[in-house]
Amino acid sequence: LALNELKAQSLENCVLLDARCGLPRLGNLMEQYSDALELIKDGNDLGYALDKQGQGTPRFMERFAAALEYENCRDLRFALDIVQNLRCYEWIPCDSLKKLGQQKLREAGAPEELLSSGCIDLAGYAADLLEEAGYVLIVGESAYITRNNREFIYERSTPEEAGMSMDQK
């Protein structure tokens with residue numbers, strides 16, 4: 001469709017003047033690529049992954065946005081790796097903190113009367129537990145996120161491009 005609109009036979013006959021992305025934190029895409037074909041391919045791949053919404057994963061876009069923020073992602077290639085590695089993140093939405101607090105107190109043996117009394121800030125308790133465990137509250141304060149111990153597979157970017165030293169890998 002794009003080639004028809006441009007009245008071109010191939011992208012090799014075109015000059016990329018501007019590139020925009022629906023994910024503004026990814027910055028200037030033209031600076032990230034020397035080859036327009038690679039940029040278009042990666043843009044298509046990200047669009048496809050986002051369109052599939054993780055094959056129905058609940059709140060997929062919220063999880064993906066939180067992972068981008070957590071990693072301070074500013075690169076399309078790294079964003080592609082993140083979307084393919086969402087299993088490497090533990091994500092807890094803030095609207096489930098009260099339930100998590102209740103669960104943790106039940107596991108610790110707290111009586112039901114205490115849990116239902118309203119004397120405990122269950123959401124605050126859960127938030128404290130998450131922060132102690134290394135979770136980070138994202139900017140919109142809608143979720144907590146952290147990396148788990150699953151291997152993050154870099155297919156498009158490298159740990160150095162992602163802002164990570166090799167000893168953090």
| request: Report, by residue number, each residue of the stretch 69-85 that is out of contact with any Lys or Arg (no Cβ under 6 Å at 6 or more places or on another chain) and in a helix (DSSP H, G or I). | output: E69, Y70, L76, F78, A79, I82, V83, Q84
| field | Residue in the stretch 91-100 that is in a helix (DSSP H, G or I) and of a type in the set (F, W, Y) present | value | no
| query | When the residues of the stretch 41-59 are filtered to those that are farther than 24 Å from P159 by Cβ and touching a residue at least 12 places away in the same chain (Cβ under 8 Å), which remaining residue is most open to solvent (accessible area, probe 1.4 Å)? | reply | R59
| request: Would you mention how many residues in the stretch 126-163 are part of a loop (DSSP other than H, G, I, E, B), closer than 15 Å to L86 by Cα, open to solvent by 50 Å² or more (accessible area, probe 1.4 Å) and out of contact with any Asp or Glu (no Cβ under 7 Å at 6 or more places or on another chain)? | output: 4
| field | K41 being more than 19 Å from N148 (Cα to Cα), modelled with pLDDT of 95 or more and in a helix (DSSP H, G or I) | value | no
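Yes or no, residue by residue, for (1) buried (at least 17 other Cβ atoms within 10 Å of the Cβ); (2) out of contact with any Ser or Thr (no Cβ under 9 Å at 6 or more places or on another chain); (3) modelled with pLDDT of 75 or more:
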residue: L17; (1), (2), (3): no, yes, no
residue: G27; (1), (2), (3): no, yes, no
residue: E31; (1), (2), (3): no, yes, yes
residue: A66; (1), (2), (3): yes, no, yes
residue: R87; (1), (2), (3): no, yes, yes
residue: D95; (1), (2), (3): no, no, yes
residue: K104; (1), (2), (3): no, yes, yes
| request: Those residues that are among the aliphatic types (A, V, I, L, M) and over 27 Å from Q53 (Cβ atoms), I need them from the stretch 69-125; list them, please. | output: L105, A108, A110, L114, L115, I120, L122, A123
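The values are calculated or read from the model by the stated rules, or taken from the named source; none is laboratory data. Predicted, not measured: the structure shown is a model, and the values here were computed from it. Because the Cβ atoms are built from the backbone with ideal geometry, glycine has one as well, and the counts that use them run over all protein chains shown. For accessibility, only protein heavy atoms count, side chains too; no ligands or nucleic acids. Shrake-Rupley method; radii C 1.70, N 1.55, O 1.52, S 1.80 Å.
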